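Novice: Dropping the structure in here first, questions after.
The values are calculated or read from the model by the stated rules, or taken from the named source; none is laboratory data. From a predicted model like this one, the values you see are computed outputs, not experimental measurements. So basically every Cβ, Gly included, is an ideal-geometry build from the backbone, and we count neighbours across all protein chains shown. For the accessible areas, the whole protein counts, side chains as well, though only heavy atoms, and no ligand, DNA or RNA atoms are used. Shrake-Rupley method; radii C 1.70, N 1.55, O 1.52, S 1.80 Å.
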Amino acid sequence: MLTQVETKSKIKDYIINATLSDNKTISDDTLIFETGLLDSMGLLFLIEFLKEEFNVVVNDDELLPENFESVNSIIKFIEGKL
Amino acid sequence: MKPFSKDILHLENIDEVCNNIITKLKSDVAQKLQRRGAVIGISGGIDSSVCMALSAKAFGPEKVTAIMLPEQDSSDDSKNLALKLANKFNVKTLEENITKALDGFGCYERRDEAIAKVITDFDPKVDKAKIEIKQNIGQNIPAIFSVTVIKPNGEVVSKLLPAKEYLQIVASTNFKQRSRMSMLYYHAERLHCAVIGTPNKHEVEQGFFVKYGDGGADVMPIGHLYKTQVYQLAKHLGVPQEIIDRTPTTDTYTAEQTQEDFFYQMPFKEMDLIWYGWENNYKAEEVGKVMDKSAQEIENIYKSFERKKKTTEYLRMKPIF
């Protein structure tokens, strides 16, 4: 099983790769939708990544800002599902 | 800046507004585009009805050709209302059923294949399907589509759409709008006319149109008008009441689907006003007081508008040289 640090790093790497961003601009608390890093297609691809990488399936009632708005919230959401 | 109110978008001088659109339409088509009339697709919806009425007034009904473009998933109401409209304004109609063209493109097969990957017991022969946004617009997260299948016994199954299937469903259903555009241009070229596009301000600015589909036209006479203003014009121009009273639908999927469910996530009356507030920099507190919402709710809706406009910029972009 991955440690929290490893999970965090995978998610951050994914966002950096998907958005072609500089890793210095994304912190664990960066609001990824508010800052325009991910749009609706970006969120859809992120959901797909979570399924492929961590086998986490997202239901429509879980599409809430508190589950996806930053790297930290995604980690918390994944940990709750595992 | 005028204080924000529920009447802020009401057109006081509706006659003048209509005359200005008619004058511009005439000069755009005759002088700029050098065409001798108009071809317009009519669906029995409010936007195409208003555009057809404006065209009939601008060019004279004899210089307007209204084309009905049904396919196997269109509702019968669409055709009946479209005919009623054309009769009222003495505009000649043509019917071009595009089902065979869509079959040739594999539109239905590709769409149904993607739906069946998500809802495995989907049977396109008997089940009805649509895609919709289930989140509330006030949530500070981008909208994601779900697919909903309605079984003959009324059972409803709904699942979040994965990226690949979502994109395939959208890409295949977009054949509908693009085939309609091709047919409209066939007739426009044959008759040396301009194609009149029917999107309103929301469709243009929020990206609720198909690039090179219903977004493919020569002029868009109501592209600057809010939906409630389009309704005002419809009444003024004498569009049949059944068209005015009809709930706007997409008429694209087999299951009934309002434009609100599919895309806008809120009623037109509210959306018009909040969009106006957003684009004219009204403070969320001021708009919230009038709309009976908290400042935070309005802020979240403003953010959602901003996201929609940004996400759909690609649709409005011309080819880059």
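Novice: Could you tell me which residue of the range A:25-50 is nearest to the other protein chains (Cβ to nearest Cβ), considering only residues that are among the charged types (D, E, K, R) and open to solvent by 60 Å² or more (accessible area, probe 1.4 Å)?
Specialist: The qualifying residue nearest to the other protein chains (Cβ to nearest Cβ) is A:E34.
Novice: Moving to a separate point now. Considering each of A:L2, A:L82 in turn, give the residue that is under 27 Å from B:K159 (Cβ atoms), open to solvent by 50 Å² or more (accessible area, probe 1.4 Å) and more than 13 Å from the chain's Cα centre (by Cα). Explain how you work it out, then say what you get.
Specialist: Working: A:L2 fails: under 27 Å from B:K159 (Cβ atoms).
After ruling out the rest, the residue left standing is A:L82.
Novice: How many residues does the range B:174-193 contain that are surrounded by 22 or more Cβ atoms within 10 Å (Cβ to Cβ) and either part of a loop (DSSP other than H, G, I, E, B) or in contact with a strand residue (DSSP E or B) (Cβ under 6 Å, 6 or more places away or on another chain) (or both)?
Specialist: 4
Novice: Could you grab me the full set of residues in the range A:51-68 that are open to solvent by less than 20 Å² (accessible area, probe 1.4 Å), in a loop (DSSP other than H, G, I, E, B) and within 7 Å of another protein chain (Cβ to nearest Cβ)?
Specialist: A:V58, A:L63
Novice: Could you list all residues from the range A:32-82 that are in contact with a Leu (Cβ under 7 Å, 6 or more places away or on another chain), free of Cβ contacts under 8 Å to residues at least 12 places away in the same chain and of a type in the set (D, E, K, R)?
Specialist: Across the range A:32-82, the qualifying residue is only A:D60.
Novice: Would you confirm whether or not the range A:11-21 contains a residue that is among the acidic types (D, E), at pLDDT 90 or above and not in a loop (DSSP other than H, G, I, E, B)? Let's see the steps before the verdict.
Specialist: Taking the range A:11-21 and keeping what is among the acidic types (D, E), we get A:13.
Pick out the ones that are also at pLDDT 90 or above and you get A:13.
Subsequent filtering for residues that are not in a loop (DSSP other than H, G, I, E, B) retains A:13.
Within the range A:11-21 (the criterion being among the acidic types (D, E), at pLDDT 90 or above and not in a loop (DSSP other than H, G, I, E, B)), the answer is yes, since at least one residue qualifies.
Novice: Let me ask you something else. Scan the range B:159-173 and tell me whether some residue there is of a type in the set (G, A, S), open to solvent by less than 20 Å² (accessible area, probe 1.4 Å) and within 24 Å of the chain's Cα centre (by Cα).
Specialist: Yes, some residue in the range B:159-173 is of a type in the set (G, A, S), open to solvent by less than 20 Å² (accessible area, probe 1.4 Å) and within 24 Å of the chain's Cα centre (by Cα).
Novice: Right, here's the next one. Got a number for residues in the range B:301-321 being touching a helix residue (DSSP H, G or I) at 6+ places or on another chain (Cβ under 8 Å) and open to solvent by 60 Å² or more (accessible area, probe 1.4 Å)?
Specialist: Adding up the residues that qualify gives 3.
Novice: Further question on the same structure: Could you go through the range B:119-131 and let me know if any residue there is of a type in the set (D, E), assigned to a helix (DSSP H, G or I) and on the phi < 0 side of the Ramachandran plot.
Specialist: Looking for residues that are of a type in the set (D, E), assigned to a helix (DSSP H, G or I) and on the phi < 0 side of the Ramachandran plot, one finds none in the range B:119-131, hence no.
Novice: Still on this structure, I have one more. Determine whether the range B:239-258 contains at least one residue that is in a helix (DSSP H, G or I), open to solvent by less than 50 Å² (accessible area, probe 1.4 Å) and farther than 25 Å from A:T35 by Cβ.
Specialist: yes
Novice: Shifting gears a bit: In the range B:121-154, how many are surrounded by fewer than 17 Cβ atoms within 10 Å (Cβ to Cβ) and of a type in the set (A, V, I, L, M, F, W, C)?
Specialist: Of the residues in that region, 1 qualify.
Novice: Name, by its number, the condition in (1) surrounded by fewer than 17 Cβ atoms within 10 Å (Cβ to Cβ); (2) away from chain A (no Cβ under 14 Å); (3) more than 17 Å from the chain's Cα centre (by Cα) that does not hold for B:I298.
Specialist: (1)
Novice: Mind counting the residues in the range B:149-176 that are away from chain A (no Cβ under 14 Å), closer than 18 Å to B:G106 by Cβ, touching a residue at least 40 places away in the same chain (Cβ under 8 Å) and out of contact with any Ser or Thr (no Cβ under 7 Å at 6 or more places or on another chain)? Even if it seems obvious, please write down each step before you answer.
Specialist: Going through the range B:149-176, the residues away from chain A (no Cβ under 14 Å) turn out to be B:149-155, B:172-176.
Next cut, closer than 18 Å to B:G106 by Cβ only: B:172-176.
With touching a residue at least 40 places away in the same chain (Cβ under 8 Å) added as a condition, the list becomes B:172-173, B:175-176.
Those left that are additionally out of contact with any Ser or Thr (no Cβ under 7 Å at 6 or more places or on another chain): B:172, B:175.
Of the residues in the range B:149-176, 2 are away from chain A (no Cβ under 14 Å), closer than 18 Å to B:G106 by Cβ, touching a residue at least 40 places away in the same chain (Cβ under 8 Å) and out of contact with any Ser or Thr (no Cβ under 7 Å at 6 or more places or on another chain).
Novice: How about the range B:43-63: which of its residues are assigned to a loop (DSSP other than H, G, I, E, B), surrounded by fewer than 24 Cβ atoms within 10 Å (Cβ to Cβ) and in contact with a strand residue (DSSP E or B) (Cβ under 8 Å, 6 or more places away or on another chain)?
Specialist: Result: B:G45, single match.
Novice: Counting just the residues of the range A:13-24 that are open to solvent by less than 90 Å² (accessible area, probe 1.4 Å) and free of Cβ contacts under 8 Å to residues at least 24 places away in the same chain, which one comes out nearest to B:N140 (Cα to Cα)?
Specialist: In this case the residue turns out to be A:T19.
Novice: Still on this structure, I have one more. Among the residues of the range B:75-114, write down those that are open to solvent by less than 20 Å² (accessible area, probe 1.4 Å), outside any helix (DSSP H, G or I) and in contact with a strand residue (DSSP E or B) (Cβ under 9 Å, 6 or more places away or on another chain).
Specialist: Result: B:V91, single match.
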